[in-house]
1. Only bridges whose two residues both fall in the chain count here: according to DSSP, what percent of them are antiparallel, nearest 5?
2. With springs only between Cα atoms under 10 Å, which of 112, 24, 69 fluctuates most in a Gaussian network model of the chain?
3. By how many nm would the segment from residue 224 to residue 39 lengthen if fully extended, with 0.36 nm per residue of separation less the alpha-carbon distance?
4. Given a cut-off of 14 Å, what percent of all Cα-Cα pairs of region 58-110 lie beyond it?
5. Could you tell me which of rounded, prolate or oblate describes region 90-152, using a ≥ b ≥ c as the square roots of the eigenvalues of the alpha-carbon gyration tensor, with rounded for a/c under 1.5 and, failing that, prolate when a/b is larger than b/c and oblate otherwise?
6. Restricting to DSSP H runs of at least four residues, report the calculated mean residue ellipticity at 222 nm for the chain, -39500 (n - 2.57) per run over all residues, nearest 500 deg cm²/dmol.
7. Among 148, 28, 39, which one shows the highest mean-square fluctuation when the chain is modelled as a Gaussian network with alpha-carbon springs under 10 Å?
8. Checking the a/c ratio against 1.5 first, then a/b against b/c, what shape does the Cα gyration tensor give for region 1-88?
Ligand SMILES: C[S@@+](CC[C@H](N)C(=O)[O-])C[C@H]1O[C@@H](n2cnc3c(N)ncnc32)[C@H](O)[C@@H]1O
């Protein structure tokens, strides 16, 4: 295991056991809008299928995936996260999901194993060439990979990241447009959907009656901005990336 992968494992074992990222929860309150699109896409491509969850953490999305998939295999480098998710699966009586400690850059699966690969906030922790190549290898021809990842172009968001180093690993790299462009080397189709620019202004109102309406209005404004001014998309906080493996085998 390389030093970088060891650092990721140690950081996440500590972060998940001590809850060091809790301070960022208030910002994630606005994700309800993007997560609702994400979950619709996962349901569309994952229902009845064999699914790999890539970098599953303690299973925040795993049980939604398992409720639709025929079979879920979820991997993560953090043994603490894998033990937590396995315990949760037992408590919830989920029998079609397994959680395995594994390095996402060197997957221990045969070629063409999965119909869908999904990851939330994982590929920006990885060597993208290794990761894209492994995802392509384990996907069946025509299979899809869906990622929900933070972007690294917004000056204000990057300023917040610099001011809160304890909330991130030293090797993570919120994605740049060039990182998404790189996926075209491996996948026949690469599409993107951008979320959260103006919606960040709703965060201070998250515990008030104004929140729901304000978030809906700002989400609609974000959609209009990203449609009318495509150069603004890269300043979004998060992006849903959909990758398709070609059908040629
Ligand atoms: C920001 S967390 C996201 C966790 C989870 N997907 C979620 O929705 O909260 C990043 C995850 O990537 C995992 N990770 C980092 N490097 C990895 C690697 N090389 N192989 C597998 N998992 C890795 C970490 O252990 C951590 O669980």
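We did not get these values from a lab; they are worked out from the coordinates using the rules stated. Just so we're clear, the structure is a prediction, and the values are computed from it rather than from any experiment. When we count neighbours, we look across all protein chains shown, and the Cβ atoms used for this are built from the backbone with ideal geometry, even at glycine.
1. Values: 14 of 34 bridges.
Counting only bridges with both partners in the chain, antiparallel ones make up about 40 percent.
2. Highest fluctuation of the listed residues: 24.
3. Details: separation 185, 0.36 × 185 = 66.60 nm, distance 2.18 nm.
Length gained between residue 224 and residue 39: 64.4 nm.
4. Numbers: 667 of 1378 pairs.
Cα-Cα pairs of region 58-110 separated by over 14 Å account for 48 percent.
5. Numbers: a/c = 1.69, a/b = 1.26, b/c = 1.35.
Here region 90-152 falls in the oblate category.
6. Details: 9 runs with 99 residues, N = 249.
Result for the chain: -12000 deg cm²/dmol, rounded to the nearest 500.
7. 28
8. Working: a/c = 2.16, a/b = 1.31, b/c = 1.64.
Judged from the Cα gyration tensor, region 1-88 comes out oblate (a/c at least 1.5, b/c at or above a/b).
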